[in-house]
Amino acid sequence: MTDNRTYSKQASYQDKRNVLNRAHLIEPIVRHRIQDSLFYKQHLHLTNEASILPVIIDQVHYLAGMDSSGRPSPFICCLLRLLELEPSMEIVQTCLDQLGYNEFKYLTALMLIYIRLVGSSDLVYTTFDKYLSDFRKLRTKLKSPIFNEKGLPINYRLTYFDEWIDNMLLQERVMDIILPRLTPRRNLVEKGLLEPRTYAVRDEIEEEEVDQSKNSDDEYESDSD
């Protein structure tokens, strides 16, 4: 007698963050090219949590992953080294609060993508919310140059911090790195782990409505006089 029962199969998802070596969050082919690069061997090979900061500040001046020739940028090289060192969240937060926001914006961008790779979903949302109204400019190096009307190559484009944050929240791949899956924000809000997102536009509208109501009240009073 044959068994006609059907079994439903559901694809299991293994969280990328649950790895013993966080450097494995970067795909092997990209990781090996970074470790074999001259920049990594010259500037990062023997760095620790303290000595890597001057390297980031002095050498990282744009966002980029791998170029069209497979050469890694200083940005992604420093990211891999951070994943190898696995600094604590206290150190990362100190870099964001005391160094990154005021002067070294690429250090901030680097620490934020590090949090995006290794942090829990509620930590990612809580940290990123602080930078959604940050409109500082960031240079992004194109994978391949484009040419303008005069035939001159353009190697960089400008982006902004809020766009950088949105990319890390919404896209599956950023700077040639596959990002871990995030728990939807509404699920965390329903569980009480996260506050609902507030929008700067909504606050501005509410302020305008308050100002308009005050002006209307003033006009009414002046007419009554």
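Which ordering of L123, L182 is given by a fewest-first count of other beta-carbon atoms within 10 Å?
L123, L182
Counting every Cα pair in the range 22-194, what percent are over 27 Å apart?
Percent of Cα pairs beyond 27 Å in the range 22-194: 25.
If you add up the charges near T159, with Lys and Arg at +1 and Asp and Glu at -1, over every other residue whose beta carbon is less than 13 angstrom from its beta carbon, what do you get?
With Lys, Arg at +1 and Asp, Glu at -1, the net is +2.
Which of K143, K105 has the fewest other C-beta atoms within 10 Å, and how do the rest follow up to the most?
K143, K105
Where Lys and Arg each count +1 and Asp and Glu each count -1, what net charge lies around L194 among other residues with Cβ under 13 Å from its Cβ?
Taking every other residue near L194 into account, the sum is 0.
Around L46, with a cut-off of 14 angstrom between Cβ atoms, what is the net charge of the other residues, counting Lys and Arg +1 and Asp and Glu -1?
0
Each reported figure results from applying straightforward, stated rules to the coordinates on display, with no laboratory input. This one's a predicted model, so the numbers in the text were calculated from it and none came from an experiment. Glycine also receives a Cβ, built like all others from the backbone with ideal geometry; neighbour counts cover every protein chain displayed.
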